[in-house]
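The next block holds one structure in the form of structure tokens; read it before the comments.
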Amino acid sequence: MDCEPKSKELCQLNITSNLVGRFNISTKILSNEEIEINIKRLKKSQFGINCIRHQSVAIIVPYRNRSEHLQIFLNNIHQMLIRQHLAFYHIFVIEQHGDDPFNRGRLMNIGFIEALKWYHGFDCFIFHDVDLIPEDDRNEYLCSKQRPRHMSGYIDKFDYEPYTDYSTGGVCALTRSQFELINGYSNNFWGWGGEDDDLTERIVFFKMKILRMENVFQRYTMLKHEQEKPNPIGSRLIHMNKKTYCYKGLNSLRYKMIERLDVGHLYTKIVIDPCYSKHQQLVV
Ligand code: UDP
Ligand code: MN
């Protein structure tokens with residue numbers, strides 16, 4: 001694995017060199033082999049652009065049972081990231097095993113911990129829904145050292161209407177120290193909703209502001225899916241959690257590892273059991 005920056009020169013990313021700007025996302029469902037071929041071809045065509053961005057980025061994707069979305073995501077995101085010439089990036093797909101309610105926040109925390117075990121040098125973590133496909137490669141997949149970033153500001157499903165200033169849902173980017181400061185996501189949100197608003201509350205509690213670049217680059221397409229059932233106590237939990245940020249979250253995380261597998265060069269798959277029956281009572 002080549003994690004060392006190849007050159008000290010910073011990329012001047014612009015459309016005339018390597019970027020294409022707004023692009024039509026591909027909704028073809030390709031096999032892993034076909035995606036790898038696309039990547040190889042693209043890398044060849046980018047050969048000679050000898051510059052980098054100075055961040056190593058881990059992309060953390062919470063996942064269960066959305067295989068078509070995953071293939072579309074991988075094909076599009078790899079091609080975009082290659083055009084952006086990051087110093088280094090790697091995708092981690094954190095899969096929840098079994099039929100218990102989905103716990104997106106817990107999977108994000110597991111992704112953070114496991115990514116650092118895989119490579120200790122990551123300095124930026126992008127927490128990314130599998131069904132959100134960026135539409136413009138000028139949306140830089142990097143962290144801001146000053147503030148956590150909300151990246152998926154404009155989504156086709158919502159007619160690209162801007163979010164409130166107070167959101168981190170969909171795709172957000174935090175440096176390692178920002179994520180550690182807020183003690184990660186809450187582990188408590190089982191089922192749809194709440195964990196992203198809780199993350200926002202944590203960011204505000206630790207006196208940071210969320211950065212959203214008000215530009216046309218941060219547009220995403222959401223792939224179609226059924227709406228999950230909301231967690232009935234979600235909003236109450238957000239309120240209750242406030243006093244527990246420092247000792248509940250990343251530092252109280254428990255899970256059972258089931259499988260860890262590098263899938264070619266595409267991603268590292270981590271299958272876990274979040275231990276629902278143990279934790280739903282304990283609420284850690
Ligand atoms: N997710 C998943 N399987 C599920 C539910 C959620 O993989 O059964 C992951 C996936 O990454 C998805 C994200 O969690 O994009 C957020 O869930 P969803 O898309 O249902 O939420 P919404 O779009 O309504 O915010
Ligand atoms: Mn979705």
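The values are calculated or read from the model by the stated rules, or taken from the named source; none is laboratory data. Bear in mind that the values here come from a model prediction, so they are computed numbers and not experimental data. Methodologically, a virtual Cβ is constructed for each residue, glycine included, from the backbone with ideal geometry; neighbour enumeration extends over all protein chains shown. Heavy atoms of the whole protein, side chains included, go into the accessibility calculation; ligands, DNA and RNA do not. Shrake-Rupley method; radii C 1.70, N 1.55, O 1.52, S 1.80 Å.
Taking the Cα atoms only, what angle lies between the long axis of helix 104-118 and the longest principal axis of the chain, rounded to 10 degrees?
Helix 104-118 sits roughly 50 degrees off the main axis of the chain.
I'd like to check one number: the per residue accessible area of the stretch 181-284, probe 1.4 Å, reported in Å² as a whole number.
57 Å²
What does the extension gain come out to for residue 262 and residue 165, with contour length at 0.36 nm per residue minus their alpha carbon separation?
Using 0.36 nm per residue and subtracting the Cα-Cα distance, I get 31.2 nm.
For the stretch 178-220, what does the alpha-carbon gyration tensor say about shape, rounded, prolate or oblate, given a ≥ b ≥ c as the root eigenvalues, a/c under 1.5 as rounded, and a/b over b/c as prolate?
Because a/c hits 1.5 or more and a/b fails to exceed b/c, the stretch 178-220 counts as oblate.
State whether the stretch 53-183 is rounded, prolate or oblate according to the following rule on the C-alpha gyration tensor (a ≥ b ≥ c being the square roots of its eigenvalues): a/c under 1.5 gives rounded; otherwise a/b larger than b/c gives prolate, and the remaining case gives oblate.
Rounded is the answer for the stretch 53-183, as its axis ratio a/c remains below 1.5.
Full extension from residue 278 to residue 215: what is 0.36 nm times the residue separation minus their Cα-Cα distance, to one decimal in nm?
Stretched fully, the residue 278-residue 215 segment lengthens by 18.3 nm.
How much length is gained on full extension from residue 254 to residue 146, taking 0.36 nm per residue of separation minus their Cα-Cα distance?
Separation in residues times 0.36 nm, less the Cα-Cα distance, equals 35.9 nm.
At 1.4 Å probe size, what's the solvent-accessible area of residue 267? Round to the nearest 10 Å².
Using a 1.4 Å probe on the heavy atoms, I get roughly 20 Å².
Return the single residue from 247, 163, 63 with maximal mean-square fluctuation; model: Gaussian network over the chain, springs between Cα atoms under 10 Å.
Result for the chain, Cα springs under 10 Å: 247 fluctuates most.
What does the C-alpha gyration tensor say about the overall shape of the stretch 162-284? Classify as rounded when a/c is under 1.5, otherwise prolate if a/b is larger than b/c, or oblate.
rounded
What is the packing order of peptides 209-219, 253-263, 65-75, taking the mean over residues of other C-beta atoms within 10 Å and listing the highest first?
With the highest mean Cβ count within 10 Å placed first, the list reads 65-75, 209-219, 253-263.
Given R₀ = 45 Å, FRET efficiency for residue 225-residue 46 by Cβ-Cβ distance, to 0.05?
My answer for the efficiency is 0.90.
Give me the percent of the accessible area of the stretch 53-203 that comes from carbon and sulfur atoms, probe 1.4 Å, all protein chains in place.
C and S fraction of accessible area: 48 percent.
With a probe of 1.4 Å, find how much accessible area the stretch 103-178 has per residue, and write the answer as a whole number in Å².
For the stretch 103-178, the solvent-accessible area averages 33 Å² per residue.
In whole Å, what three semi-axes, largest first, describe the equivalent ellipsoid of the chain built from its Cα gyration tensor (square root of 5 times each eigenvalue)?
30, 20, 19
Measuring from centroid to centroid over Cα atoms, what is the spacing of the stretch 72-119 and the stretch 197-242 in Å?
Cα centres, the stretch 72-119 to the stretch 197-242: 18 Å.
Take residue 34 and residue 243, extend 7 Å from each Cα along the Cα→Cβ direction, and tell me the distance between the two endpoints in nm.
Label-label distance for residue 34 and residue 243, simple model: 5.5 nm.
For the stretch 28-95, what is the accessible area per residue in Å², given a 1.4 Å probe and the full set of protein chains?
43 Å²
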